[in-house]
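Read the structure below first, then the notes.
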Ligand code: GLN
C-alpha cells in the first residue's frame, strides 16, 4: 500500500475543501490558532512514518491527553478506578454537567471532562509528582525529551475554567474527589495543555496498536488487558457524543481534542493523526473526521 501517496492525496483534496467549523473559542489562547493549519501523519508498527502538511508542528492536544492519564491510572492503580467512574458513552457534550447530578457525582467515562478530573484526582493521590510523571510517561512513549506543557494555555484554562470548576465542586460534594479542588484543577489544566506534533501523537499511541508494547524498544508499558480496555474506551467514548458516528464512518478506536487533533488506532497495523483546528458542532475536528473516514475507506482498514 502506498501510504505516502494516499496521505498526500487526502491532504491535497481536503486542503482546498470548505468544510464548516469553528476554531475552539472557550479560551483566548486557542482562538489564536490559524484555522487553515492542516497536518496528517501515519505511523506503522513496522516503524514507517508518513506525513503531509503541518504534521511536525506542535499542537495543543487537549483532551487527547485524557488517554495518557487513563493509561497511567490503570497502570499505577488498576481496576479499582472503575468504582469511581463508568465506561459508558455519555451521549452528551464533553463538558456537560447534566448527567453528573443525576448519577451522584460518578462520571459516565474517563474521557469526558468530569471523568478526566476524577482520573487527575486519582493520580494526585497515587503519584509523588503527577505533572513530572505524566510528562516522563509521554516522553517515553515518543522517545523524546521535547514534550512540554504550554503554561499560557494553563493560565487561560484557569482563567476561564468555570465549568470545569463546577464539575469538581459537584463531584467533591458527592464524595468523589479526595484532593483539594484547586490542586485537581491545576493538574487537569496541565494535562489539557500538553503540546505534541501529529507525528509524536501517532507514535505515542502505537502501544495501543501493539498490545501494550513499545515498538521501538520492545518494552512492555502496559498489560494486554489495559491496552484492550483503553481501545474499547476510545471506541465507545473517544469522540464524545459523536463516538457512534465515528465508529460507523471511520471504524477505529480514536480520541479527539478541542485543539483540532484526532488520533485513531488500528490494532496490529498503525496509528494515524490528523490536525485541523476547525471543529464541528460536537467539538471534534471537522476535516480530521472526514480525512479519517476517507483514509479507512481507501485503505479498506477498519476493526470491523
Ligand atoms: N481543555 C478542554 C476542557 O477542559 C478540553 C476539552 C476537549 O479537548 N474536548 O474543556
### Message
Rounded, prolate or oblate for region 177-256? Axes are the square roots of the Cα gyration tensor eigenvalues, ordered a ≥ b ≥ c, and the cut-off for rounded is a/c under 1.5.
### Response
oblate
### Query
Against the longest alpha carbon principal axis of the chain, how many degrees, from 0 to 90 and to the nearest 10, is the axis of helix 224-237 turned?
90 degrees
#### Entry: In degrees, nearest ten, helix 130-142 long axis to first principal axis of the chain (Cα)
20 degrees
#### Entry: Sequence of 265, 154, 250 once ranked by neighbouring C-beta atoms within 10 Å, starting from the fewest
154, 250, 265
### Query
In whole Å, how far is the Cα centre of region 202-229 from that of region 47-68?
17 Å
### Task
Measure out, as a whole number of angstrom, how far apart the alpha-carbon centroids of region 71-138 and region 1-34 sit.
29 Å
### Task
For the chain, find the longest principal axis of its Cα atoms and tell me its angle to the long axis of helix 65-76, 0 to 90°, nearest 10.
60 degrees
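Determine the calculated [θ] at 222 nm for the chain from helices alone, applying -39500 (n - 2.57) to every DSSP H run no shorter than 4 residues and normalising by the residue count; nearest 500 deg cm²/dmol.
Calculated from helices alone, the mean residue ellipticity at 222 nm is -13500 deg cm²/dmol.
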### Query
How many nm separate the modelled label positions at residue 281 and residue 293, each set 7 Å beyond the Cα in the direction of the Cβ?
1.4 nm
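Bear in mind these aren't lab numbers, they're just calculated from the coordinates by the rules spelled out. What you see is a predicted model, and the numbers here were worked out from it, not measured in a lab. Glycine gets a Cβ as well: all are built from the backbone with ideal geometry, and neighbour counts include every protein chain shown.
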